[in-house]
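Trainee: Handing you this structure, nothing more for now.
FYI, it's all coordinate maths here, none of it is from the lab. These numbers were taken from a predicted model, which means no experiment stands behind them. Glycine gets a Cβ as well: all are built from the backbone with ideal geometry, and neighbour counts include every protein chain shown.
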Amino acid sequence: MLRAKGLERSLVVSDTVTLGGLPAGKYETPIGGKVELRADGFLAIDDGTGNYLAGAALPMTAAIPVLVNQVGLTWAKLSRC
């Protein structure tokens, strides 16, 4: 997307659910029911398999370093998004 739109036409957003940033464990949510937040950050429906995504759980504070380390953006460039 950054190659197509350019940094000046991009912004950083998050769709993290309310469980984002909490410790790993099992939770009950009013919308998703029983879910399990794993240590790797994957939020799964607690159906015994752990295979079904229940929502986004990566907080923005963890997502920004991904943009820096894996995408190659600098903190200065990100501050413009």
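Trainee: Charges only on Cβ, +1 for Lys and Arg, -1 for Asp and Glu: so what's the dipole of the chain about the Cα centre, in debye to the nearest 20? Mind showing how you got there, number by number?
Mentor: Working: 8 positive and 7 negative charges, 103 e Å.
Computed about the Cα centre, the dipole is about 500 debye.
Trainee: On to the next question. Which of 23, 58, 79 sits farthest toward the positive end of the charge dipole of the chain, with +1 on the Cβ of Lys and Arg and -1 on the Cβ of Asp and Glu?
Mentor: The residue sitting most towards the positive pole is 79.
Trainee: Taking trypsin sites (Lys or Arg not before Pro) as exposed when DSSP calls them loop (any state but H, G, I, E, B) and at most 13 other Cβ atoms lie within 10 Å, what is the longest stretch of the chain free of them, the sites themselves excluded?
Mentor: Values: sites that count: 38, 80.
With a cap of 13 other Cβ atoms within 10 Å, the longest stretch comes to 39-79.
Trainee: Continuing with this model, one more query. Using DSSP to define loop residues, name the chymotrypsin sites (Phe, Trp or Tyr not before Pro) in region 1-62 whose beta-carbon has at most 12 other beta-carbon atoms within 10 Å. All intermediate terms of the calculation are to be shown ahead of the outcome.
Mentor: Details: sites: 27, 42, 52; in loops: 42, 52.
For chymotrypsin sites (Phe, Trp or Tyr not before Pro) across region 1-62 that sit outside H, G, I, E and B with at most 12 neighbouring Cβ atoms in 10 Å, the list reads 52.
Trainee: HN-Hα J couplings of region 3-12 from phi, Karplus 6.51/-1.76/1.60, θ = phi - 60°, integer Hz, Gly and Pro as x?
Mentor: Values, residue by residue: 5, 6, 9, x, 4, 5, 10, 10, 9, 9 Hz.
Trainee: Something else now. Is it possible to state the helix-based mean residue ellipticity at 222 nm for the chain, with each DSSP H run of 4+ residues giving -39500 (n - 2.57), the sum divided by total residues, to the nearest 500 deg cm²/dmol? What is it?
Mentor: Here the helix-only value at 222 nm equals -3500 deg cm²/dmol.
Trainee: Something else: Remind me, relative contact order of region 21-81 in percent, using alpha carbon pairs under 8 angstrom and six or more residues apart?
Mentor: Working: 67 pairs, mean separation 12.0, N = 61.
It rounds to 20 percent for region 21-81.
Trainee: Hey, of (1) 30, 12, 11; (2) 20, 17, 14; (3) 48, 15, 10, which did the structure itself give for semi-axes √(5λ) of the Cα gyration tensor in Å when calculated?
Mentor: (1)
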